[in-house]
Amino acid sequence: MRKEECFYLGKIAKKFSFKGEVLIYLDTDEPEMYEDLESVFVEFNKNLIPFFIEKGALHKGDFLRVKFEEVDSEEDADRLIGCEVYLPLSTLPKLEGNKFYFHEVIGFDVEDQRLGNIGKIVSINDSSAQPLFEIMKDDTEILIPMIDAFIVQVDRTNKKVVLNTPEGLVDLYLNS
């Protein structure tokens with residue numbers, strides 16, 4: 001499995017018991033969706049390695065307490081601490097309407113209702129309090145907050161996101 005075919009689920013944060021159990025920090029809004037996993041891919045030495053789960057349970061909200069097959073000691077678990085955990089994109093439930101996964105809209109054209117085509121989504125910046133569409137128009141980067149009120153339509157068929165941005169927001173970038 002290649003990393004491009006997967007999405008980041010979280011990171012193995014710490015050991016839980018002396019029998020090889022670990023806690024995976026789940027980087028998701030809905031941790032309960034991942035309570036009954038059969039397997040995950042763990043990035044180890046830049047390779048994704050499948051790990052099969054003997055048992056798993058949610059722990060204190062954002063953590064998944066996991067016992068992997070063939071990880072039976074603290075030493076085995078120590079080697080996994082800090083490793084990132086991935087799942088195949090195919091396991092994500094399909095979203096409809098204006099709900100979307102960040103990776104899904106990369107490469108989509110962006111049309112503003114007032115200004116027409118304002119570029120292409122090249123990335124989503126979610127490192128700030130408010131996620132931002134990173135849009136490239138020629139050599140200009142445009143940052144638009146991902147606010148539901150701005151998103152008019154996510155057109156998967158035509159790979160296009162239609163926005164209704166406040167007057168002046170996009171102009172700040174294009175007229176500078």
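The values are calculated or read from the model by the stated rules, or taken from the named source; none is laboratory data. These numbers were taken from a predicted model, which means no experiment stands behind them. So basically every Cβ, Gly included, is an ideal-geometry build from the backbone, and we count neighbours across all protein chains shown. Calculation scope for accessible area: heavy atoms of the full protein, side chains included, ligands and nucleic acids excluded. Shrake-Rupley method; radii C 1.70, N 1.55, O 1.52, S 1.80 Å.
Go through region 17-32 and give me each residue that's closer than 22 Å to R79 by Cα and either crowded, with 17+ Cβ neighbours inside 10 Å or under 16 Å from the mean Cα position of the chain (by Cα) (or both). Explain how you work it out, then say what you get.
Step one: list which residues in region 17-32 are closer than 22 Å to R79 by Cα, which gives 17-27.
G20, E21, V22, L23, I24, Y25, L26, D27, listed by residue number.
Looking at (1) of a type in the set (D, E); (2) touching a residue at least 40 places away in the same chain (Cβ under 8 Å); (3) over 10 Å from V85 (Cα atoms), find the lone condition where E43 falls short.
(3)
Which residue is nearest to I49 (Cα to Cα), if the candidates are limited to region 1-16 and must be open to solvent by 80 Å² or more (accessible area, probe 1.4 Å) and outside any strand (DSSP E or B)?
M1
Tally time: how many residues in region 17-49 are outside any strand (DSSP E or B), more than 11 Å from V66 (Cα to Cα) and either in contact with a helix residue (DSSP H, G or I) (Cβ under 6 Å, 6 or more places away or on another chain) or among the β-branched types (V, I, T) (or both)?
Result for region 17-49: 2.
Applying the selection to region 116-131, what residues are of a type in the set (A, V, I, L, M, F, W, C) and at pLDDT 95 or above?
I118, I121, V122
What pairs come up if the first residue lies in region 63-92 and is outside the structural domain of T28 (by the TED database), the second is basic (K, R) and modelled with pLDDT of 95 or more, and their beta carbons are under 7 Å apart, counting only those six or more places apart or on different chains?
none
Test V66 against the criterion of being part of a loop (DSSP other than H, G, I, E, B), open to solvent by less than 70 Å² (accessible area, probe 1.4 Å), of a type in the set (A, V, I, L, M) and in contact with a Gly (Cβ under 6 Å, 6 or more places away or on another chain), and give yes or no.
no
Only one of G82, G107 is in a loop (DSSP other than H, G, I, E, B), small (G, A, S), more than 16 Å from Q153 (Cα to Cα) and open to solvent by less than 60 Å² (accessible area, probe 1.4 Å); which?
Result of the check over G82, G107: G82.
Give I124, I151 a once-over and let me know the one that is within 17 Å of the chain's Cα centre (by Cα) and surrounded by 17 or more Cβ atoms within 10 Å (Cβ to Cβ). Step through it out loud before you land on a result.
On the way: I151 fails: within 17 Å of the chain's Cα centre (by Cα).
It is I124.
When you go through (1) farther than 22 Å from Y25 by Cα; (2) over 19 Å from the mean Cα position of the chain (by Cα); (3) modelled with pLDDT of 95 or more; (4) open to solvent by less than 80 Å² (accessible area, probe 1.4 Å) one by one for G168, which number turns out not to apply?
Status for G168: all satisfied but (3).
Which residue out of L95, L172 is assigned to a helix (DSSP H, G or I) and free of Cβ contacts under 8 Å to residues at least 24 places away in the same chain? Talk me through it step by step, then tell me what you get.
Numbers: L95 fails: assigned to a helix (DSSP H, G or I).
None of the others qualify; the one that does is L172.
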